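The structure appears below as structure tokens.
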Amino acid sequence: MKSLIFGASGGLADAIAQTLLAREGHVDLVTREAKRGEVEHKFHEAVRRNRARVFAVEHKYSSFNPEQPCDAYFFTQALFSPKPIIAMDDVEIAKEIEVGLVEVIQLARKLLSQYPPNPNERRDYCFIGSTSAYAGFRNTSVYCAVKHGLLGFVRAMNDEYAQTNTRFWLFSMGTMNTEMGRRLTEQDSSSFLQPADVAGRIVEAICSPSNLFEPEVILRRRTIRFLEK
């Protein structure tokens with residue numbers, strides 16, 4: 001199985017890549033130029049064994065041009081700036097929407113145009129949502145809007161490509177124990193989901209040979225703990 005992962009420096013992207021490699025898959029990792037060294041160091045052994053390749057973009061992920069089609073695409077890039085909406089300026093708002101929604105849609109369009117569905121090949125487009133795709137949470141209004149947008153996009157794509165062997169997934173989870181998740185400083189991080197557990201569920205779903213398809217997968221935290229003030 002060959003996969004392409006965008007936003008490769010993130011905690012969930014790392015876990016997904018490691019899970020795929022453990023299944024003897026091959027992964028291409030795309031990150032920003034500033035993070036290239038970090039990703040190359042982390043996947044040094046897989047690169048040495050020709051099981052992984054690392055690519056970098058200077059600014060926009062949508063500028064990346066894949067060399068060949070893959071079995072699965074993972075869109076993990078996002079910005080998360082928890083703060084009241086009136087504390088955000090126009091540049092912050094536009095950037096969060098661009099990275100998490102606009103560029104993701106542009107990338108999907110590019111990939112679908114370059115590599116149209118093949119009836120003999122199953123392809124999976126895996127988008128990373130959040131429980132914020134189904135609810136609204138204070139101080140994360142723009143992030144919630146982005147994830148709601150991804151939900152609508154995935155639903156529309158599954159209808160648009162219903163007669164093909166191309167599937168679109170939205171994996172939505174509660175807060176994970178990643179650098180992004182730890183920005184929620186009012187919560188006890190010991191109750192956060194572990195990226196490896198989430199990655200395992202994602203990879204298991206897309207690798208299943210059955211005809212079962214659950215386009216919207218929600219992974220919630222059973223227990224949420226807040227820190228005492």
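The values are calculated or read from the model by the stated rules, or taken from the named source; none is laboratory data. None of the values given here were measured: they were computed from a predicted structure. When we count neighbours, we look across all protein chains shown, and the Cβ atoms used for this are built from the backbone with ideal geometry, even at glycine.
Consider the range 217-229 and keep the residues that are under 24 Å from Lys147 (Cβ atoms) and part of a loop (DSSP other than H, G, I, E, B). The one that is modelled with the lowest pLDDT is Arg225.
When the helices (runs of 4 or more DSSP H) confined to the range 1-116 are screened for residues that are closer than 18 Å to Phe171 by Cβ and not β-branched (Val, Ile, Thr), those reaching at least 2 such residues are found at 11-22, 103-114.
Among the residues of the range 117-155, just one is without any contact (Cβ under 8 Å) to a residue 60 or more places away in the chain, among the aliphatic types (A, V, I, L, M) and not in a helix (DSSP H, G or I), namely Ala135. Being closer than 30 Å to Leu212 by Cβ, among the hydroxyl-bearing types (Ser, Thr, Tyr) and buried (at least 19 other Cβ atoms within 10 Å of the Cβ) is a condition met by no residue of the range 103-123.
Evaluated against (1) part of a loop (DSSP other than H, G, I, E, B); (2) of a type in the set (S, T, N, Q); (3) surrounded by 18 or more Cβ atoms within 10 Å (Cβ to Cβ), Asn158 falls short on exactly one condition, (1).
Among the listed residues Ser63, Ser81, Ser113, Ser3, identify the single one that is among the small types (Gly, Ala, Ser) and under 17 Å from Ile206 (Cα atoms).
When all the criteria are applied, what remains is Ser3.
The selection criterion, being closer than 18 Å to Ala108 by Cα and crowded, with 18+ Cβ neighbours inside 10 Å, holds for Val30. Does Glu214 meet the test of being modelled with pLDDT of 90 or more, loosely packed, with under 14 Cβ neighbours inside 10 Å and not hydroxyl-bearing (Ser, Thr, Tyr)? In short, yes.
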